[in-house]
Amino acid sequence: MKVGLLTGGGDCPGLNAVIRAVVHQIEQAGSSCIGILDGWRGLIHDLTCPLTTAETDGIIGLGGSILGSSRTNPYRNPETELASLRENFERLQLDALVVIGGDDTLGVALRLRNDFQYPVVGIPKTIDNDLRVADFSFGFDTAVNIVTEAVDRLRTTTETHRRIVVVETMGRHSGWLACFAGMAVGADYILIPEVPVDLPHLLNVLSRRRTAGKRYGIVVVAEGARLADRRPITLDDETDPFGNPRLGGIAVTVADEIALAMKIETRAVVLGHLQRGGSPSAYDRILATRLGLAASRLVLRGRFGTIVTLINGAIGETPLTELNTANKTLDLSYYDEAAAFFQ
Ligand code: F6P
């Protein structure tokens, strides 16, 4: 059996741990793996590399993906890119394709399954934790820890200067990262995409804290958060091949509003891609390894058109469907708990 592996979409810590686990399991079973480079772009342009246990055994703690990644959508150009992808897939004679990705990458896997019966098995990944099939996706825990460390550092300078800092996290559709990291740092306020920004309330909470003697403030905002009746703020008019805008700028807007209303020096800090970089946490390494092992078992049993899941704490499988590749927003019970500190 010849198994292809690809990582697509925004990278996240833990991708290499998955690759290691899949390669190990497939080789143990007497089969072999081949890496498809740079996500779906690699299948379109025939970019591959050998993948063996010898080469991948030490990569569990490595950030990024040794296979590279891209936001390539072959369905944008069916006559050229999709056709070339199909030719290469045939030529490579793959018996299975393990697709490690978020909603967009897995969405392409789903279409290839539906349109051409490709033998795909999906593995969910994202730092945003916005996939329905995973209570928690690998990459998320690491990102929460990165934001926590960054804000802990910001706290000392913010406090020293008696300022307010507004820290922007990733999180396009969901506030998981902002809410969890915000709770972990004891933020004075957390703003998420699911709940429109209530500026008067935010100002009121910050003012009350000042009056009560707290001489600095920390606000954590997800990039997808928006002011009431407005759309999320974008960096430019560009969209990626899946139609996603590039979000960014809400921290500056919120910081300006705070500075104007409270007459307190306020700074905006955008953490950006720092949140996706570096070594995965132990939790993410273990979760990624477990999902990789589960996906390998599906491959070896010929259970294609499936995706591995983490639901109610247990690893499982579910059919690759539109619903199962869809996004989920933050479970608002977490936000209610966080909001106990900014009522
Ligand atoms: O999809 C994950 C994510 O990290 C989002 O939170 C963010 O909006 C986006 O990727 C950034 O993508 P890129 O790496 O293409 O700038």
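At a glance:
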{"quantity": "Conditions (1) farther than 19 Å from ARG209 by Cβ; (2) over 17 Å from the mean Cα position of the chain (by Cα): number failed by ALA288", "calculated": "(2)"}
{"quantity": "Test: residue in segment 331-338 that is in a helix (DSSP H, G or I), within 16 Å of the ligand (Cβ to nearest atom) and acidic (Asp, Glu)", "calculated": "no"}
{"quantity": "Candidate set: segment 117-132, residues that are away from the ligand (no atom under 14 Å from the Cβ) and closer than 17 Å to ARG303 by Cα; chosen: the one surrounded by the fewest Cβ atoms within 10 Å (Cβ to Cβ)", "calculated": "GLN117"}
{"quantity": "Residue satisfying condition, being touching a Gly at 6+ places or on another chain (Cβ under 7 Å) and part of a loop (DSSP other than H, G, I, E, B), within set PRO232, PRO241", "calculated": "PRO232"}
{"quantity": "Some residue of segment 91-114 being over 23 Å from ALA295 (Cα atoms) and surrounded by fewer than 19 Cβ atoms within 10 Å (Cβ to Cβ)", "calculated": "yes"}
{"quantity": "Cross-chain or 6+ apart pairs with Cβ under 6 Å, segment 322-343 first and more than 30 Å from PRO200 (Cβ to Cβ), then of a type in the set (Gly, Ala, Ser) and at pLDDT 95 or above", "calculated": "THR325/GLY107"}
{"quantity": "Hits in segment 268-280 (condition: in a loop (DSSP other than H, G, I, E, B) and more than 11 Å from CYS12 (Cα to Cα))", "calculated": "LEU271"}
{"quantity": "Qualifying residue in segment 299-318 (condition: of a type in the set (A, V, I, L, M) and within 16 Å of the ligand (Cβ to nearest atom))", "calculated": "no"}
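Quick grid of which residues meet (1) within 16 Å of the ligand (Cβ to nearest atom); (2) within 22 Å of GLY302 (Cβ to Cβ):
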site: MET1; (1), (2): no, yes
site: CYS12; (1), (2): yes, no
site: LEU15; (1), (2): yes, no
site: TRP40; (1), (2): yes, no
site: GLU55; (1), (2): no, no
site: THR80; (1), (2): no, no
site: ASP95; (1), (2): no, yes
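The values are calculated or read from the model by the stated rules, or taken from the named source; none is laboratory data. As the structure is a prediction and not an experimental result, all values here were calculated from the model. Ideal geometry is used to build each Cβ from the backbone, glycine not excepted, and the neighbour counts take in all protein chains shown.
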